[in-house]
1. All but one of (1) under 30 Å from residue 281 (Cβ atoms); (2) at pLDDT 90 or above; (3) not in a strand (DSSP E or B) hold for residue 302, so report the exception by its number.
2. Within region 317-339, how many residues turn out to be modelled with pLDDT under 90 and either more than 16 Å from residue 359 (Cβ to Cβ) or in a loop (DSSP other than H, G, I, E, B) (or both)?
3. Could you name every one of the strands (runs of 3 or more DSSP E) located completely within region 131-205 that has at least 3 residues being within 30 Å of residue 63 (Cα to Cα)?
4. Look at residue 83 and say whether it is under 26 Å from residue 46 (Cβ atoms), in contact with a helix residue (DSSP H, G or I) (Cβ under 7 Å, 6 or more places away or on another chain) and buried (at least 18 other Cβ atoms within 10 Å of the Cβ).
5. Kindly indicate whether residue 252 is within 30 Å of residue 213 (Cα to Cα) and either within 22 Å of the chain's Cα centre (by Cα) or outside any strand (DSSP E or B) (or both).
6. Return only the number of the condition from (1) part of a loop (DSSP other than H, G, I, E, B); (2) farther than 30 Å from residue 167 by Cβ; (3) modelled with pLDDT of 90 or more that residue 115 does not satisfy.
7. Considering every residue within region 72-84, establish whether at least one is in a helix (DSSP H, G or I), within 13 Å of residue 54 (Cβ to Cβ) and in contact (Cβ under 8 Å) with a residue 24 or more places away in the chain.
8. Which condition number in (1) under 17 Å from residue 228 (Cα atoms); (2) at pLDDT below 85; (3) surrounded by fewer than 24 Cβ atoms within 10 Å (Cβ to Cβ) is the one that residue 178 fails?
């Protein structure tokens, strides 16, 4: 096992950020121009802890631990100053709100400026160190895949495009009983992969020393179960194709799932406490957002009215939990006669969108009236995108397990929304379903909080808005 083993690159980079902050921030507090006397009181000590905490939260919220940011080091480094500034502003706002109890105004100014400088430095250095470690192969991962057919090829492609590591070294154990070899794998031999014709999985594992063994044959009959069990006893983790892929790319391969997978796999559990906390989170955050963004809503309403004189709000029938219907509310972004010929999906550069509507969609302000749907209990802050009944009837016929996304309430944001651009076709719906099923399977209040944080990235970089 080389380098960081099974640690994902995102977790490794988070660890580097944390380490750099632990090295630099205490030095600033101790040797900074305000001196140690500023931190004798407990409130000032609490303020000094708040800045690194909000910095880490901001780095996560802006997607700086995602695979795309890790692969594109320059883009990631360019985002560091913005993330650090947002984190520092967040900490400063909290301190101002509690100004009677926490610190003095002069110390707050010094803390803010020191935090921006130190965390920009530590964040950039952490990414330079990470890039150096990546180039020397510290985050490469070795996999031994049982099978070399179509399923194995799909696994390799998804790992290369979406996996949690920048590089995978893969060996495939193949036998005639596992089905034919995919010719695309044969053509790719030598590009970090190899195909071994044998049933002796244990012998190959001892030679290759993989981080994990993935069972992915096209034909399950003739599987060397005794050899796989021996591998597990010998200390090599053994994982089934769907479970491994779900964990590695954080979505579900819906081309190969079925009802049996839902029945026997873990997850799809909604505890009473999680449901109660989710509802509390929905109500609390919705009220805060409506109060904070009420000036923007009023300004948007005036702009819509001045633009073409049409109605401000747009309502539409949508589907939520248990396939029940409700009316969703949005700020109108299309011409009043946009659907005079029937319902159609929105497209890129849709001519029906008004000038004001284009801005509202890009900034997601048009979605804000849905907070009233959340308060009424028809939607949640986090969940699958609410679709129209006419679309759902078509999608459910084409996509297996599509209606299982309705095990939870529709959401204002969601795992699919922050990971996949706006979908306007059957293929897009299939891809988004793979994320929706992952969310439904792994639902928790902590997962909701992480999704809400990353929604900030989608708002600031609205590449998927239509």
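The values are calculated or read from the model by the stated rules, or taken from the named source; none is laboratory data. As the structure is a computational prediction, the values presented were derived from the model and not from experiment. Cβ sites come from the backbone with ideal geometry, for glycine too, and all protein chains shown count toward neighbours.
1. (1)
2. Qualifying residue count for the region: 7.
3. In region 131-205, the matching strands (runs of 3 or more DSSP E) lie at 141-146, 168-174.
4. Taking the combined requirement at face value, the residue satisfies it.
5. For residue 252, the condition - within 30 Å of residue 213 (Cα to Cα) and either within 22 Å of the chain's Cα centre (by Cα) or outside any strand (DSSP E or B) (or both) - is met.
6. Here residue 115 clears every test but (1).
7. Scanning region 72-84 turns up at least one residue that is in a helix (DSSP H, G or I), within 13 Å of residue 54 (Cβ to Cβ) and in contact (Cβ under 8 Å) with a residue 24 or more places away in the chain.
8. Every listed condition holds for residue 178 apart from (3).
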